[in-house]
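What follows is a short report on a single structure.
The values are calculated or read from the model by the stated rules, or taken from the named source; none is laboratory data. This is a predicted model, so every value here is computed, not measured. Virtual Cβ from ideal backbone geometry, glycine too; neighbours counted across all protein chains shown.
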Amino acid sequence: MNTATESPTLAAVWLQPIDDFLSYLTVERRLSPRTTGTYRDQLTEVAWALTRAQVGDWQMVRRDQIRAVIAGAHRRGLAPRSLALMLAATRSFYRWLRQARLPDLLNPAQGVKPPKVGKRLPSVLDADAVTRLVEIPADERLSTRDRALLELFYSSGLRLSEVAALRWGDLDLADASVRVLGKGSKTRIVPIGSLAIEALSDLAAVHGQALDQAVFGNGRGGALSPRAIQARVKYWAQRQGIWQRVHPHLLRHSFASHLLESSGDLRAVQELLGHADIGTTQVYTHLNFQHLAEVYDRAHPRAKRKTPV
């Protein structure tokens, strides 16, 4: 919503606290201009809504008025995720206001819940598409490195940040395993498949494998950046004729979905992915059910739809 068209200016009693809060986020929290800009947009929209409701200033806001703001935005078609972001910004603003200026002020956004956000199932590549992606031709200078990169992503389900940080000392090709530092600084050891081992061995033969050397180098002695890795995955997807949007996390999703489909072992998939909460892993059971439902619809004699006469 473009709040600037609603009135020439917003009263200083609303704007000045927002500006001071954003200064705190910039100086103390060192948040990016993009993030602070999002906070500004959200809080300004809340301030306009409260002004229309004839609320005098931030100190006078009640919880039912915040609920009314969220309900009004919902009626105007604002998505649940955007509503949740608006509430989160308002709660953070009031926490700062209490800490910095008004210790007795109640947080009117506390306890207000946005509409539920429906879980969006991750996309995956089917097994044939993965095979086409990783079996890249050897006619380019970077093919050896990129083949190993793609094979490892799909073989072990690693995160982009984990792959970008890999050194040869983290790999044990003889034991077919890799040690990675995941979220929350938690270390885990993940198996590597035979085809990925073969590709990594080819890479080591070309570029060496000093223990402190990046596994996936940029040609200048450093490691490929996460953005560069994303670009190489996208390049090979297009080169191999896969026009689905392919990115490293899609390969992680595909790894998890295919492994769960074959094994049915949710706990093992959780450990391999490095998820702290099994609820995060359970999204792949929904993907697996979708696949089973499709097989059922195609194969079960009582599930087949009659052909129209």
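Scanning segment 27-45 for residues that are closer than 18 Å to Arg101 by Cβ and part of a helix (DSSP H, G or I), we see that the one that is farthest from the chain's Cα centre (by Cα) is Val27. The listed residues are Val112, Val61, Val55, and the only one of them that is outside the structural domain of Tyr39 (by TED's automatic domain parsing) and β-branched (Val, Ile, Thr) turns out to be Val112.
Before we move on, is Val206 loosely packed, with under 15 Cβ neighbours inside 10 Å, in contact (Cβ under 8 Å) with a residue 40 or more places away in the chain and either in a helix (DSSP H, G or I) or not assigned by TED's automatic domain parsing to the domain that holds Leu259 (or both)?
On the way: loosely packed, with under 15 Cβ neighbours inside 10 Å: yes; in contact (Cβ under 8 Å) with a residue 40 or more places away in the chain: yes; either in a helix (DSSP H, G or I) or not assigned by TED's automatic domain parsing to the domain that holds Leu259 (or both): yes.
Yes: the conditions hold for Val206.
Quick one: in segment 154-165, which of the residues that are surrounded by 20 or more Cβ atoms within 10 Å (Cβ to Cβ) and out of contact with any Pro (no Cβ under 6 Å at 6 or more places or on another chain) is farthest from Arg188 (Cα to Cα)?
We begin by selecting, within segment 154-165, every residue surrounded by 20 or more Cβ atoms within 10 Å (Cβ to Cβ); these are 154-158, 162-164.
In the following step, the residues that additionally are out of contact with any Pro (no Cβ under 6 Å at 6 or more places or on another chain) were identified as 154-158, 162-163.
On the way: Tyr154: 17, Ser155: 15, Ser156: 12, Gly157: 12, Leu158: 11, Glu162: 11, Val163: 13 Å.
Of everything passing the filter in segment 154-165, Tyr154 is farthest from Arg188 (Cα to Cα).
Within segment 257-271, identify whether any single residue is touching a Lys or Arg at 6+ places or on another chain (Cβ under 8 Å) and in a loop (DSSP other than H, G, I, E, B), and answer yes or no. The answer is no; no qualifying residue exists. Tell me, please, whether a residue that is in a helix (DSSP H, G or I), of a type outside the set (A, V, I, L, M, F, W, C), out of contact with any Pro (no Cβ under 7 Å at 6 or more places or on another chain) and in the same structural domain as Ser155 (by TED's automatic domain parsing) can be found in segment 218-225. Looking for residues that are in a helix (DSSP H, G or I), of a type outside the set (A, V, I, L, M, F, W, C), out of contact with any Pro (no Cβ under 7 Å at 6 or more places or on another chain) and in the same structural domain as Ser155 (by TED's automatic domain parsing), one finds none in segment 218-225, hence no. In the set (1) at pLDDT 85 or above; (2) part of a helix (DSSP H, G or I); (3) farther than 23 Å from Ser185 by Cα, Ile242 fails one condition alone, (2).
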